[in-house]
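Asks: Input: one structure, supplied below.
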Amino acid sequence: MTRFAERPWTQGVSFTEMLAKAVAERVAVAAFNVYDLASVRAALTVAQQTGQPILLALGERYFKNLRPVGVVGLLNGLLESPTMGAPLSPLGLHLDHALAYESCVEAVTAGFSSVMIDASQFDFAENVRQTRAVVERAHAHGVGVEAELGGLAAGMASHEFVSGQELLTDPDQAAEFVAQTGVDALAVSVGTVHGLYKGEPHLDLERLDAIQHRVSIPLVLHGGSGTPADLLHAAIRRGVAKVNVNTEVSLAAVGAIAATLRDHPQVHMAELDQQAQAAMESTMARYVQLFHPATAH
Ligand code: 13P
C-alpha cells in the first residue's frame, strides 16, 4: 500500500490541508478531469504556469481509458521528464464520482491523495453507510474523502452519471451527513448542472449560506462548466473550496481537433494530441484564474 509520504507531487500537502487553505484564502482549488496523456499534461502545465494547487480528477467512468495506477505512472513519468522545468505547486490525485467501494480501494492503493464516493443516488442511510465505509478505509491510509448529498441536473454534453433529476441539498441533512460519515469535503447541489446549462445559470445562494452555517468542512461545487464568474465567486465566498470542471475542457479539445481535421484530414495523430492539449490548457487556465479572484484576499 502506498503511504502518504510517497506521493511527492503533493509536496506533503493533504487533500484536507489543500482545501482548508483555499477556504482561508477564499479561493477554490480546480479539479479537472483527466483520462489520457493530453489531459494530464495539460493539468500539469497549468499548475506550473499559474503556480496554484490543482487536483487531477480521474472519473471512475474513465477507467476504460486509464486506471488509477496509470495516472500515477503518467504523473511520475512526466514529473521526472527534463522538460517539466520548475517545481510545481502541490498537486492532488483525486478519484471523481466513484460508485463502487472497490474503485476507491483501487485509487487508494495506487497512491491517490483523495477519493469521492458518490452514493448520492441512494437514500440518506445508505449514502451514510457507503460513505462511512470508504472514509474508514481511506483515512487509514492518509487519503481524503469527498461525498455528495443531493443531485445535480444534467445539462448539455454532460458526461457524468446523472439521473437528470435535480435534488437540492438540504442544509440540516448536510450537517447530519457530515457528522455521521466523517467526510473531509461535501459536494452539494445548489443549482449547478453537470455539462452546459440549458438556460440561464442560477445558484441558490441562500441555501449555500445555510449549508455553510451548519457544516464546518469545505464544500465542493460540481458542474463548473459554463458557470459565470460572479456566481462562482459568490459560491467561493460561501465556503466552496473545490470546483470541478470537465465538459468545457473536453469540448475545447474536441473543437480544436475538429477544426484541424476539416482542413487537414491526414494530420498526424501526434499533432492532434498536441492541439488537444493546448486547447485544454487554455480552458483550464481560465478557470484557475476565475477560482482565484483578485479581491479574495
Ligand atoms: P462539468 O462537466 O459541468 O464541468 O462538471 C464536472 C464535474 O462536476 C465532474 O465531477
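Read-outs: derived from the displayed coordinates by stated rules, not from any lab. These numbers were taken from a predicted model, which means no experiment stands behind them. Backbone-built Cβ (ideal geometry, glycine too); neighbour counts: all protein chains shown.
Asks: Mind sorting Glu248, Glu148 by how few other Cβ atoms lie within 10 Å of their own Cβ, fewest first?
Replies: Fewest-to-most Cβ neighbours within 10 Å comes out as Glu248, Glu148.
Asks: Turning to a different aspect of this structure: Give the percent of DSSP beta bridges with both residues in the chain that are antiparallel, rounded to the nearest 5.
Replies: DSSP beta bridges in the chain are roughly 5 percent antiparallel.
Asks: Please order Lys64, Lys242 by the number of other Cβ within 10 Å, starting at the fewest.
Replies: Lys64, Lys242
Asks: Next up: Picking from Ile117, Val40, Leu219, whose Cα lies most toward the positive end of the charge dipole for the chain (charges on Cβ: Lys, Arg +1; Asp, Glu -1)?
Replies: In the chain, that residue is Val40.
Asks: Let me ask something additional. Could you calculate the contour length gain from Ala125 to Met156, that is, 0.36 nm times the residue separation minus the distance between their Cα atoms, to one decimal place in nm?
Replies: The Ala125-Met156 span can extend by a further 8.1 nm.
Asks: Tally Lys and Arg at +1 and Asp and Glu at -1 over the other residues with C-beta under 14 Å from the C-beta of Val254: what net charge comes out?
Replies: Value of the local net charge: -2.
Asks: Using the charge dipole of the chain (Lys, Arg: +1 at Cβ; Asp, Glu: -1 at Cβ; taken about the Cα centre), state which of Gly12, Ala278, Val143 has its Cα farthest towards the positive end.
Replies: Selected residue: Gly12.
Asks: Can you put Phe291, Phe122 in order of Cβ neighbours within 10 angstrom, beginning with the fewest?
Replies: Result, fewest neighbours first: Phe122, Phe291.
Asks: Restricting to DSSP H runs of at least four residues, report the calculated mean residue ellipticity at 222 nm for the chain, -39500 (n - 2.57) per run over all residues, nearest 500 deg cm²/dmol.
Replies: Estimated from H runs of four or more residues: -14500 deg cm²/dmol.
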